[in-house]
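Contents: one structure, followed by commentary.
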Amino acid sequence: MLTMNTKTQTKVIRQGDYVAEIQITLTYADHDWAPYLDLAEAQKLDRLRQALQNQDLQTAAQLGHIYHLTPVAI
């Protein structure tokens, strides 16, 4: 019998001058491929990465928390 559990985790994606935090669900099961993302979660990560790459901050903000990186001169 295959036992499957899920766990929500925050992933951080950096694209250019932007960083995004996004909540994804990992699936844990009793096999060698665990933990893994289901297709919908992988597509959500891809949509966020693509939105940041295109500087579509409106779409990116709907998927996660967006931050702008600012270099610090010392």
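The values are calculated or read from the model by the stated rules, or taken from the named source; none is laboratory data. What you are looking at is a predicted structure, and each value in this text was computed from that prediction instead of being measured. Here the Cβ is made from the backbone with ideal geometry for all residues, glycine too, and neighbour counts use every protein chain on show.
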- How many residues are closer than 11 Å to Gln15 by Cβ and not in a helix (DSSP H, G or I) when one looks only at region 57-66? 1
- Task: Sort out which residues of region 1-14 are of a type in the set (A, V, I, L, M), in contact (Cβ under 8 Å) with a residue 24 or more places away in the chain and exposed (fewer than 10 other Cβ atoms within 10 Å of the Cβ), and write them in order of number.
- Result: Leu2
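Rundown of residues vs (1) in contact with a Ser or Thr (Cβ under 6 Å, 6 or more places away or on another chain); (2) at negative phi; (3) surrounded by fewer than 15 Cβ atoms within 10 Å (Cβ to Cβ), yes/no style:
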residue: Asp17; (1), (2), (3): no, yes, yes
residue: Ala20; (1), (2), (3): no, yes, no
residue: Thr27; (1), (2), (3): yes, yes, no
residue: His31; (1), (2), (3): no, yes, yes
residue: Leu45; (1), (2), (3): no, yes, no
residue: Leu52; (1), (2), (3): no, yes, no
- Message: I'm trying to understand the selection: among the residues of region 15-54, which are over 29 Å from Thr3 (Cβ atoms), touching a residue at least 24 places away in the same chain (Cβ under 8 Å) and not in a helix (DSSP H, G or I)?
- Response: Gln15, Gly16, Asp17, Tyr18, Val19, Ala20, Glu21
- Does region 7-27 hold any residues that are modelled with pLDDT under 95, aliphatic (A, V, I, L, M) and under 21 Å from Gln55 (Cα atoms), and which are they? none
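Would you point out the residue of region 15-53, among those that are touching an Asp or Glu at 6+ places or on another chain (Cβ under 7 Å) and of a type outside the set (A, V, I, L, M), that is nearest to Thr70 (Cα to Cα)?
Across region 15-53, the extreme among qualifying residues is Thr25.
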